[in-house]
Every structure is written in C-alpha cells, then in structure tokens.
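See below for the structure under consideration.
The values are calculated or read from the model by the stated rules, or taken from the named source; none is laboratory data. The structure displayed is predicted, hence computed values, not measured ones. With ideal geometry, Cβ positions are generated from the backbone for all residues, glycine too; neighbour counts draw on all protein chains shown. Side chains included, ligands, DNA and RNA excluded: accessible areas come from the protein's heavy atoms. Shrake-Rupley method; radii C 1.70, N 1.55, O 1.52, S 1.80 Å.
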Amino acid sequence: MRISKTALSSAVNFNRALTTSEEKDFKKTTNEALNALNQNDGIRIFKVFQTSLPTNSGQNLGIGKLNSDSAMDYLEYMSLYTASNAIKVFPMGQFPYMPRFEGYYCPYERYSSVIGIDNINFFKLTQSAYGKLLTQDDLKSCTVSDNTSWVDYENELDYKRGVDIKLLFKAYRNMQTQNTLEARKIRHEFENYKSSLTSDTLDRLAIAPFVKNRDRDLFQDFNQSREKKRRFKCYKKTYKNEIDFYKFGKFLALKNLQEAKQGLNKRGLELYGDCPIGFSDDEVFAFPNAFYPENITPGWGFRAINYDEITKEGTEANRLFREKISWHLENFDGIRFDVGWQYFKPKVFEFENDKKYNYQINVNEGEIVDFIERTAKEIKGSDYDTKKLMYECDAGPEDFTMFNWQNRTPVLKSSIKGRTPVITTVYESTTWGNPRFYSAAGVKDYMIGTNNHDSTPLGALSQDKEDDKGNEVVELENIRKNNVKALHQSLGLSEDWLSVPENFVQAKFAELFQAKNHFVFFNDVMGNKNRLDHEGTSAKDYRLKINDSFEEEYHSALQNNQGFNLAQSLKIAMKAQALDKTNPELYAKICKYSAILRENGPKTRQEADLKFNCTV
C-alpha cells in the first residue's frame, strides 16, 4: 500500500502536552493500537544513559542517579510517550581509577564484575532507610549547578577532587561510630551483606590499587602456591580497613540499585542492565589465569578472557565470568550483552612480530550462551524467560553473522534460534537490516531499535549532517537514501514524503512496530542531534544531561519537528497495515491524539491541567 504525500501532513507543529486525564486515555488507546499491531506481548524498551538522567533540584553532584525522584518521574513520563514497558541502562560497574583518555568516562570501560560507587545517590544517605549517615549540610558544598546540559564526572570521580570518596568515607565513619537506631540498622544490613559474600573477589579488587605494582603476579597460579596464599593473607590483614570500606561502597551502590529497580517495577516497568564485554586492569590482576596471554586480544583495548575455559567448572575464567553475569542477573530483570556475538562464536586475535592472526578457540558455537542460560535459571528460577537475555549482534560480516547463506538465501543458525539478538536499523536497505528481512529470515524474537550510543542520531541522519561532526555528509547521505528506500518498501510511504526530515524520523520509529520487540534510544526520542559517543574523540562524549524540566524539553523538541511522536508513528504503522480500514474507530482515536500533540499550547502536564481545568 502506498501512502500519498498528502495523506500525512509534513507541516506538523508538535507542541501541546496532554492533561492528566488525557494521558490515562492516551495510554489506553496506544495499548489498544499496540494490540492491533500484534505488539501486546512484546518487550518495548526505552534505552537511557543513567548518568544523563535528571537530578532533583539542588541535589546535582554531577552524575544522574537512577533512583532519584526526578529520574523516576522522567522514566515514567517517557514510558507513556514511547509506549515502553521496560527501561535499559548502560553498564553500571566501577569506573577505573583514571579514564583511558582524559575526560573520557566510557561506560563500556567500567569493571564487569562489581558495581560502581557513582551509582550511590548520596542524598538518600540522609534518610532513615540508609541510616541517616549524612546530613544536608554534608552535601550542600558538594553540589554543582542544576542549570547545566552536561554531566560533571570530575566533581564526583576525579581522583584529586571528586566528592564521592569523601562523602562515602564520612558515611562509613558515621556508620561505625553513631549509635542511633538508624545507624545500628544499616550496620546490621552491611554485616549481613558481607556474610552473604561467597568469594574473595572484593578482597582481591580492594587491595589491587595498593599492591599490584609491587606484587603483580600475586594471583598468577594462585591456587598452586602456598607462598602466594600467605602473602594474600598478610595483605588482607594490612588492608583490612580499606577492604571493609571498599565493600561498604558496593553495599550502598547495590542498595541504591535495588531501590531503583523496585521503584520501576512498581510503575510497571522492568529494568534491563548492560553487561560489558571487557574487563578492567584490576580484574585482570585479580584473576590473571582467567585470561589468554597479553598478545591475544578481542580488540577494543581489552584482554581476552579464556573462552576455551569459560564454561569449565573449577577454572578462573569460569569463576570470573559466572560472577560477572551473576551480579547482573541478581539486580536486573533482563540483560543486554555487549558484543553479544562473542558468546555465540568467540573471535580473538594473536599478535606476533607485528603480525595479526586469528586465534583458534575450541568452543562449540552457542556453548557459552547455553552456560549463560543455565546460570540464569539457577539464579532467577527455572521458569525465568531467557528471552530477556539479549545479545548484541550488530557486527560486520567479518566478525559474525547470524545466518548461513544458501544460494544467497539467509538461513538462521541453530545457535541463534530461541535467543534474542539485538540489532539496529541504522544501516538498513531493501534487502537487509529491517524487520521485514529478519522476520522473513526466521528470526522470531529479535530486539530491534533505531540507534545505538555510537551511531548517528536520527535527527542528524535525516539531514545528512551531525551537529558536532560535519565531515560525514556523503556517508550519511548514502545511509539515509538506503533507509528511505527500505521505508518506502516496508511502510508504503512515498520517497518524496520521506525526504522531509521530520517525516523520515517518524517513519523510522513507525517501522519498529513491525517487530514484536523493539527499543528506542533517549537521544533520538528527545530530538538530540549529537551522538552520545565519538569513542574518545570529543569532549562531549557521554556527557549529555537531561534537565529537570524534561517535559518542556521533550515537547519543545516535538515543536521543532524533532523527537519521537508516538501517536504520529502509530498512525503511520497502522495505515501501513490497513488498520485505518479494518479498525477505523481505533485509528480515529490515534489520529485524534496525533492532532492534539500538534496543537499549540502547554508544554507540561501541570500547565495542560491548569489550562483545561483538569482536576483528575
């Protein structure tokens, strides 16, 4: 079916926020539309960078906190306007002592096996549930301006002036010395947490900064050396306080994360984590036998875990990998595995005399994924839906493909069947990379989205130019042209209509409704044209901050013909499936909300309630 240029107006002025009563009906109507599009049992993810989240007024330490009131309000609000039933964050592990590049706080360079203290909302520590370990006066001098568009990692994490360690140490001392009911209760919780630990991983990581330079091979062949065990015992005694403090930070960070997850679950939203592929230098120090030699690497500047031993009980590779996935399973409803194709068919390289060779790995394809699923059921229960374990498969053909090709026909590999690969439509064409292709190729449970953290935002792609990277015009133009042809084919929209930037953006979102599971990226939803990550080449990498006035920011983006208009995209998707003819009443409701969102008027729920006398 072809939709004419005049069928959907390109002169759109998305502006008015909905009233409280309208929002309730809007949610009911969009759910009905999703059911009509066979989306009722799918996973629909709003993907957000947690450090970018808005902070409560007067409580900005520099980094967004997942369990802040403002963050919760934002995520609930955006779930309404994106029809999401799940939130996915980026890796939340501990940051290295110093970033690899100055000012480059990449979440995929965090530790894999332990959580980071930047996930602690220190203002929560003024509350009874956290022992009242800090006061407002303790925090007052540590905040930065609320009126900023950038994340200030340095205020919290800089090794010279960061406030996180200072605040954490004060809370730790107060926990030890105060005798209030609240302090005794949190002290008891901390002791229970330490008693629950079944390995010495945190002990190893805690002493790493103090001993790795002078005793680098401490844990090399550790289990076979009485002398090394003796040295480790001495270190644990020497650094007893440092180890306890380290564990206290992990305890509080996990407590904050669990509070955030519970808050989202109560709002009907599941929380998905992101499990990074790499390991930090401290993790390599603590478990050297878990890794291949230094000259064998998967790339990205990381050491390669020993994939040959990753599923073998009793090996360090098995222990470290199990701990890595276990802490994610214990604290999230589902997981996206970064560079997930490595778990289907691992690929690493051996460097020798300045030459690069493929290193032979003796692991059956899918064997590691089988291990992940078994571990998930051990931790989450036998009835856990392993479709919530999602594997990034946006790889080049030289790295990985989900298909065996027979006479140019894609045949899905058996190791992928029943699993959830994560893919994007950035590089789609009429013959590749879109919902029609994957469905035709027999991929049933894939998770598809418009964008990723290191690819061009939709708003920039629609105009062939990124605001902060203007040297890719020709490349972007070619990508967009391929996208336009694919959208014309799948949605029946004319290429002329799709050449209008705002139409192109809404059509890209509409295309997702052809898949059972999909995700939208907050950067695209908010209409931002700067990519989140330039891989260390921009001072703005991973620093985009969402303001507390997010309602106004979102509707302003729509007013400027940017961002994600759910009603408009559902309208396109429904018309492409002839639902305007088979379900005209529902289609009319969606058109009604599409028109409401195009009206000039209030940009926040509160303003809309006041203007239209809504008292619900």
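Restricting attention to region 342-365 and to residues that are loosely packed, with under 12 Cβ neighbours inside 10 Å and touching a residue at least 24 places away in the same chain (Cβ under 8 Å), the residue that is farthest from PRO421 (Cα to Cα) turns out to be GLU352. Would you call ILE479 in contact with a Leu (Cβ under 7 Å, 6 or more places away or on another chain), aliphatic (A, V, I, L, M) and not in a helix (DSSP H, G or I)? For ILE479, the condition - in contact with a Leu (Cβ under 7 Å, 6 or more places away or on another chain), aliphatic (A, V, I, L, M) and not in a helix (DSSP H, G or I) - is not met.
Scanning region 523-542 for residues that are farther than 17 Å from ALA567 by Cα, crowded, with 21+ Cβ neighbours inside 10 Å and in contact with a strand residue (DSSP E or B) (Cβ under 8 Å, 6 or more places away or on another chain) gives ASN523, ASN528, ARG531, LEU532. Filtered by the rule that a residue be assigned to a helix (DSSP H, G or I), touching a residue at least 40 places away in the same chain (Cβ under 8 Å), out of contact with any Phe, Trp or Tyr (no Cβ under 6 Å at 6 or more places or on another chain) and not hydrophobic (A, V, I, L, M, F, W, C), region 485-504 gives LYS485, GLN489, SER490, ASP496, PRO501, GLU502.
A single member of LYS529, LYS485 is closer than 25 Å to MET402 by Cβ and either in contact with a Lys or Arg (Cβ under 6 Å, 6 or more places away or on another chain) or of a type outside the set (A, V, I, L, M, F, W, C) (or both), and it is LYS485. When region 172-219 is filtered for residues that are in contact (Cβ under 8 Å) with a residue 40 or more places away in the chain, of a type outside the set (Val, Ile, Thr) and more than 20 Å from TYR239 (Cβ to Cβ), the ones remaining, listed by number, are ASN174, GLN178, GLU182, ALA183, LYS185, ARG187, GLU189.
Taking the condition of being surrounded by fewer than 21 Cβ atoms within 10 Å (Cβ to Cβ) and of a type in the set (Lys, Arg), how many residues in region 93-112 meet it? Adding up the residues that qualify gives 1.
The residue list LEU491, LEU476 contains one member that is more than 30 Å from LEU75 (Cα to Cα) and not aromatic (Phe, Trp, Tyr), which is LEU476. For ILE207, the criteria (1) at pLDDT 95 or above; (2) over 18 Å from PHE245 (Cβ atoms) hold in every case but one, which is (2). So how many residues does region 308-337 have that are out of contact with any helix residue (DSSP H, G or I) (no Cβ under 6 Å at 6 or more places or on another chain) and in a loop (DSSP other than H, G, I, E, B)? Selection size over region 308-337: 6. Restricting attention to region 389-426, the residues being loosely packed, with under 13 Cβ neighbours inside 10 Å and touching a residue at least 40 places away in the same chain (Cβ under 8 Å) number 1.
Here is a check on your reading of the model: is ILE368 open to solvent by less than 30 Å² (accessible area, probe 1.4 Å), in contact (Cβ under 8 Å) with a residue 40 or more places away in the chain and part of a helix (DSSP H, G or I)? Answer is yes for this residue.
Of the set (1) under 18 Å from ASN265 (Cβ atoms); (2) touching a helix residue (DSSP H, G or I) at 6+ places or on another chain (Cβ under 7 Å); (3) acidic (Asp, Glu), all apply to GLU32 but (1).
If you go through region 11-61 and keep only what is assigned to a helix (DSSP H, G or I) and among the aromatic types (Phe, Trp, Tyr), you end up with just PHE26.
Answer yes if at least one residue in region 555-563 is closer than 13 Å to PHE509 by Cβ and in contact with a Pro (Cβ under 9 Å, 6 or more places away or on another chain), and no otherwise. Yes, region 555-563 has at least one match. Being in contact with a helix residue (DSSP H, G or I) (Cβ under 7 Å, 6 or more places away or on another chain), more than 24 Å from ARG214 (Cβ to Cβ) and of a type in the set (A, V, I, L, M, F, W, C) is the filter here; which residues of region 265-299 pass it? Listed by number, the residues that qualify are LEU269, LEU271, CYS275, ILE277. If the condition is being of a type in the set (Gly, Ala, Ser) and open to solvent by 10 Å² or more (accessible area, probe 1.4 Å), then region 371-388 contributes GLY381, SER382. The residues of region 113-143 that are in contact (Cβ under 8 Å) with a residue 24 or more places away in the chain, closer than 13 Å to GLN59 by Cα and either open to solvent by 40 Å² or more (accessible area, probe 1.4 Å) or hydroxyl-bearing (Ser, Thr, Tyr) (or both) amount to a single one, THR143.
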